[in-house]
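Throughout, read-outs are computed from the coordinates displayed, never taken from laboratory work. Computed from a predicted structure; not experimentally measured. FYI the Cβ positions are ideal-geometry reconstructions off the backbone, even for glycines, and counts take in every protein chain you see.
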Amino acid sequence: RKPAEAPNDAMSKFSEALEAELATGCALSAAYGRILQFVEHELEHERNEVERLRKEVAAIDRREAMKLDLVRALEDRHDLETARLLCQRVVTFYRSIHGSRDPKTLAALKKLASLFHDTQHLSEAEPLYREVLAARRAELGSTHPKSVGAAVDLAMCLRDSGHLDAAEPILTQAV
């Protein structure tokens, strides 16, 4: 009978080991579950914070767009110096939030260049027109209407500053 008991002993030891393994596995599983809950909670908190910041930036963005409307109104009233100063602030904001190649930034930059141009500050307008043209070509291609318009703006600035030789190839390339 002793040989018959040996398998029972082995089975009992196996059973005990299996129970210990299951207990450890359950504890690990429970710990893993708690870690997942914590990570999910932290992710939800981060999502909420990102959404709050997105809304805050959107509100500020709307305020800056209203400033551009004010720039246009000042321009209509021929207060070009105040319009230029306000537009410079909008460009600085857009660059910091959206980057230099964003359509909003480029539109504000074009407006600033035209204000410099209109007030005969051609040396300040030219690099801005060049920046707008380079960005438009890079993003939209040379034949896109916004790229062609940017080329015409630069060429007119160059013409007005007496650089007809520099304006001609830009216009030729644009059309």
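At-a-glance table
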| item | result |
| --- | --- |
| Karplus-derived 3J(HN,Hα), 6.51/-1.76/1.60, for each residue of the range 111-123, Hz, glycine and proline x | 4, 5, 4, 5, 5, 4, 4, 5, 9, 6, 9, 5, 5 |
| Glu49/Ser100 FRET efficiency (R0 22 Å; Cβ-Cβ; nearest 0.05) | 0.25 |
| Alpha-carbon spread of the chain, three principal axes, descending order, Å | 116, 35, 22 |
| Acute angle (nearest 10 degrees) that the helix 145-160 long axis makes with the longest principal axis of the chain, alpha-carbon atoms | 40 |
| Where trypsin sites (Lys or Arg not before Pro) fall in DSSP loop in the range 35-98, at most 14 other Cβ within 10 Å | Arg77 |
| Cα-based helix-to-principal-axis angle, 164-174 vs the chain, degrees rounded to 10 | 50 |
| Cα-based reach from Lys13 at 28 Å (exclusive), listing lysines while leaving out same-chain residues under 8 positions away | Lys2 |
| The range 66-162 pair-distance distribution - Cα-Cα, 5 Å bins, rounded % | 3, 15, 24, 23, 21, 12, 2, 0 |
| Reachable lysines, given that their alpha-carbon falls under 18 Å from the alpha-carbon of Lys67 and they are not under 8 places away in the same chain | Lys104, Lys110, Lys111 |
